[in-house]
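In what follows, a single structure is set out as structure tokens and then discussed.
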Amino acid sequence: MPLASYEELRKVDIKKYCKKRDGLDYLSWATCINLLRMHGADKVYWEPVPDPVTGSSLRKTDVEFSDKNGNKNRCYETLIKVVIDENTYFMQTPVMNGSNPVKDNSMTQQRVWNSMCRAFVKCIAIHTGLGFDLWLKEENHNEPFIPETLKKRASAAKIKTIKQICTSHGVDGDAWVAGNGKTWEELTEEEAAMMLNALKQKYGDE
């Protein structure tokens, strides 16, 4: 029998097969393969696509970054090939430490492996629908809720924090604010929160 449709696989109740990681439900790669076979797939597997230069499963940019403590890191990613019966897909994803980028001093083979496993399950969700709602929940969980009606002026403490982080990373905070048509005195709590979130995403936990 052929693989069930996207609509059918999206309706599969996978809750009982999930485990918890970082407060969210996740589906293991092995369970994912088993469920696809249970719903009609004859062949399901994935394999790393090595970097053509190094031959490694880990891919990285040539640009190196340093945080305020001197820890170095690059943009690390993995690329895998996913095969489902006659269909072949490719998925490239970052190597992460939870929601933060992995730095050189904390890179491990386990994190590379986790990145590829995560890429496989995500690729399956995108192309077959199986477990897709898990990713919807994760996206909603990672996106901070800031009410659109929050127009209160940013506190002095929050502005001071933004300025300190900008200074420590060589960011021209004055130009950043002015580029958005604002002054520091006009900055709202909502806008300050977005700036802090952007700094955290780029430079990690401060």
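Nothing in this text is a laboratory measurement; each read-out follows from the coordinates by a stated rule. Just so it is clear, the structure is predicted and the values come from calculations on it, not from any experiment. Here the Cβ is made from the backbone with ideal geometry for all residues, glycine too, and neighbour counts use every protein chain on show.
Couple of notes before you dig in:
- Computed from the C-beta positions of residue 38 and residue 185 and an R0 of 45 Å, the FRET efficiency is 0.15 to the nearest 0.05.
- J(HN,Hα) series, region 65-79, from Karplus relation 6.51 cos²θ - 1.76 cosθ + 1.60, nearest Hz, glycine and proline x: 10, 10, 8, 5, 8, x, 6, 9, 7, 10, 7, 9, 9, 10, 10
- When you restrict to C-alpha pairs under 8 Å that are six or more residues apart and normalise by the size of region 21-134, the relative contact order lands at 25 percent.
- On the beta carbon distance between residue 85 and residue 7, with R0 = 25 Å, the FRET formula returns roughly 0.90.
- Student exercise, the chain dipole from Lys, Arg, Asp, Glu Cβ charges, in Debye to nearest 20: 540 debye
- Sites residue 17 and residue 51 - FRET efficiency at Förster radius 35 Å, r taken between beta-carbons, to 0.05: 0.60
- Helix content alone sets the calculated 222 nm mean residue ellipticity of the chain: runs of n ≥ 4 DSSP H residues at -39500 (n - 2.57) each, divided across all residues, give -12000 deg cm²/dmol.
- Region 56-74 and region 170-186: distance between their alpha carbon centers, rounded to Å: 28 Å
- Scalar couplings 3J(HN,Hα) for region 108-125, obtained by applying the Karplus form with A = 6.51, B = -1.76, C = 1.60 to θ = phi - 60°, are 9, 5, 4, 5, 5, 4, 4, 4, 5, 5, 5, 4, 5, 5, 5, 4, 4, 4 Hz; x denotes Gly and Pro.
- For percent of Cα pairs over 27 Å apart, the candidate list reads [x] 29; [y] 48; [z] 26; the entry that matches the value derived from this model is [y].
- Cross-link pairs exceeding 21 Å between alpha carbons, from the set 81/103; 152/202; 68/200: 81/103; 152/202.
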